[in-house]
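Q: Dumping the structure here so I can ask a few things about it.
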Amino acid sequence: MAAESSITEDGLKMKIKNLLQATYVDIEDMSGGCGQAFSAVIVSPQFEKKTSLARNRLVNSALKTEIAAIHAWSPKCYTPEQWEAQKQEGKQAVAPGKSTTGEVVEGTRD
């Protein structure tokens, strides 16, 4: 049995908001509460004019210590304009764990 991590959803949210001036952060612990796998939706003006890879690198750099202590990290990064457009289209993203049944993400089973 894996030991519980000291990494929490709230701790990750706070650090992302502080370091990346994020306007919206949704974090989901995908590990059943042991703090070893997280998914996230992050909205920040710092993502403007950055590629998806550059956005992920920015987040990973801000959370370098936390990411080293967990097993899996899966962020989705949006600019405020992209986020607003998604909301208007009714396609607002959520952290992948928000739409799961048990341990299987919807759409992953045949």
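The values are calculated or read from the model by the stated rules, or taken from the named source; none is laboratory data. Quick caveat: nothing in here was measured; it's all calculated off a predicted structure. Cβ: placed from backbone, ideal geometry, glycine included. Neighbour counts: every protein chain shown.
Q: Residues that are modelled with pLDDT under 90 and farther than 17 Å from K13 by Cβ: find the helices (runs of 4 or more DSSP H) completely inside segment 26-110 holding 1 or more of those.
A: In segment 26-110, 80-89 are the helices (runs of 4 or more DSSP H) which contain 1 or more residues that are modelled with pLDDT under 90 and farther than 17 Å from K13 by Cβ.
Q: Select from segment 47-60 the residues that are within 14 Å of Q21 (Cα to Cα) and surrounded by fewer than 18 Cβ atoms within 10 Å (Cβ to Cβ) and list them in ascending order.
A: Kept after step one, since they are within 14 Å of Q21 (Cα to Cα), are these residues of segment 47-60: 47-48, 55, 58-59.
The answer is E48, and nothing else.
Q: Hey, another quick one. Could you tell me which of the residues L63, L12 is more than 26 Å from K87 (Cα to Cα), hydrophobic (A, V, I, L, M, F, W, C), surrounded by 18 or more Cβ atoms within 10 Å (Cβ to Cβ) and touching a residue at least 40 places away in the same chain (Cβ under 8 Å)? I'd like the intermediate steps shown before the answer.
A: Numbers: L12 fails: more than 26 Å from K87 (Cα to Cα).
None of the others qualify; the one that does is L63.
Q: For segment 1-25, name all the residues that are polar (S, T, N, Q), more than 13 Å from W73 (Cα to Cα) and assigned to a loop (DSSP other than H, G, I, E, B). Spell out how you get there, then give the answer.
A: Step one: of segment 1-25, the residues polar (S, T, N, Q) are 5-6, 8, 18, 21, 23.
The next check asks that each one be more than 13 Å from W73 (Cα to Cα); those that pass are 5-6, 18, 21, 23.
Across segment 1-25, the qualifying residues are S5, S6, Q21, T23.
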